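Before any comments, here is the structure.
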Amino acid sequence: MSFALLTRLAVAIAVALAGAPLAHAEDPPVPNPMVGGAPMFPYRTIVQNALNSKDHTTLVAAVKAAGLVETLQGAGPLTVFAPTNEAFDKLPVGVLEALSKPENKAALVKILTYHVVPGKQTVARIRSAIKAGGGVATLTTVQGETLTASLYDDKIVLTDSKGGTATITIGNVIQSNGLIHVVDAVLVP
């Protein structure tokens, strides 16, 4: 191989790597997936990216009603298990409306912070913890209670304290202050 060809190859590799999002060593450096029809940019915060997802308008409204915008824009790092609009639609009729009332703000905060875990808990990291735990891993939420993670059909399933489950449908959405995993159900402490 000629020196000129090696130089061009090295430059091409350097350019490709410069545009790759930051990730943990155990996760391959891949571009962020689209979420809710919108690109997710690794230099934006959790809230900034969630605002662009048409699948997370209910979550964004709930975060605003709970007064958690500032928290989720903070330095972190935080991992958010982000329920979609469809996940919120699975709640019994009237529950979300009741939680959004000012007098129920504490209950809404409790539910939303139950979806947040400190640190960057990547899919690979959760899978490793499940393997090390003999098939289950315990994640302590910002709310203070735990979620149990396990694998079902090679997908990560989270079980809440009431026995309800949510599956990660889109994982490792890198944010400047953490990570989002899109889930298909609302978890209840």
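Somewhere in the range 42-62, is a residue small (Gly, Ala, Ser), on the phi > 0 side of the Ramachandran plot and over 13 Å from the mean Cα position of the chain (by Cα)?
Residues of the range 42-62 small (Gly, Ala, Ser): 50, 53, 61-62.
Next, from what is left, pick out any that are on the phi > 0 side of the Ramachandran plot: none.
The answer is no; no qualifying residue exists.
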Given (1) under 16 Å from the mean Cα position of the chain (by Cα); (2) exposed (fewer than 14 other Cβ atoms within 10 Å of the Cβ); (3) under 13 Å from residue 81 (Cβ atoms), number of the condition residue 164 does not satisfy: (1)
Per-region count, the range 61-88, residues touching a Ser or Thr at 6+ places or on another chain (Cβ under 6 Å) and either in a helix (DSSP H, G or I) or of a type in the set (A, V, I, L, M, F, W, C) (or both): 3
Taking first residues from the range 32-54 that are within 17 Å of residue 168 (Cβ to Cβ) and second residues anywhere that are among the acidic types (Asp, Glu) and part of a helix (DSSP H, G or I), the pairs with Cβ under 8 Å that are 6 or more apart or on different chains are 35/55; 36/55
Elements of type strands (runs of 3 or more DSSP E) in the range 89-189, at least 2 residues being under 19 Å from residue 71 (Cα atoms) and touching a residue at least 12 places away in the same chain (Cβ under 8 Å): 116-118, 165-175, 178-183
Given the criteria modelled with pLDDT of 95 or more and closer than 22 Å to residue 58 by Cβ, does residue 99 qualify? no
Since residue 67 meets every condition but one in (1) surrounded by fewer than 20 Cβ atoms within 10 Å (Cβ to Cβ); (2) in contact (Cβ under 8 Å) with a residue 60 or more places away in the chain; (3) in contact with a helix residue (DSSP H, G or I) (Cβ under 9 Å, 6 or more places away or on another chain), which condition does it not meet? (2)
Within the range 73-91, identify whether any single residue is modelled with pLDDT under 90, touching a helix residue (DSSP H, G or I) at 6+ places or on another chain (Cβ under 9 Å) and among the β-branched types (Val, Ile, Thr), and answer yes or no. no
Run residue 153 past the list (1) at pLDDT below 95; (2) in contact with a helix residue (DSSP H, G or I) (Cβ under 9 Å, 6 or more places away or on another chain) and report the number of the one that doesn't hold. (2)
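Only one of these is under 21 Å from residue 109 (Cβ atoms), acidic (Asp, Glu) and touching a Pro at 6+ places or on another chain (Cβ under 9 Å): 160, 184. Name it.
160
The values are calculated or read from the model by the stated rules, or taken from the named source; none is laboratory data. In this text the structure is predicted, and so the values were computed from the model without any measurement. For neighbour counting, all protein chains shown are included, and Cβ atoms are generated from backbone atoms with ideal geometry for every residue, glycine included.
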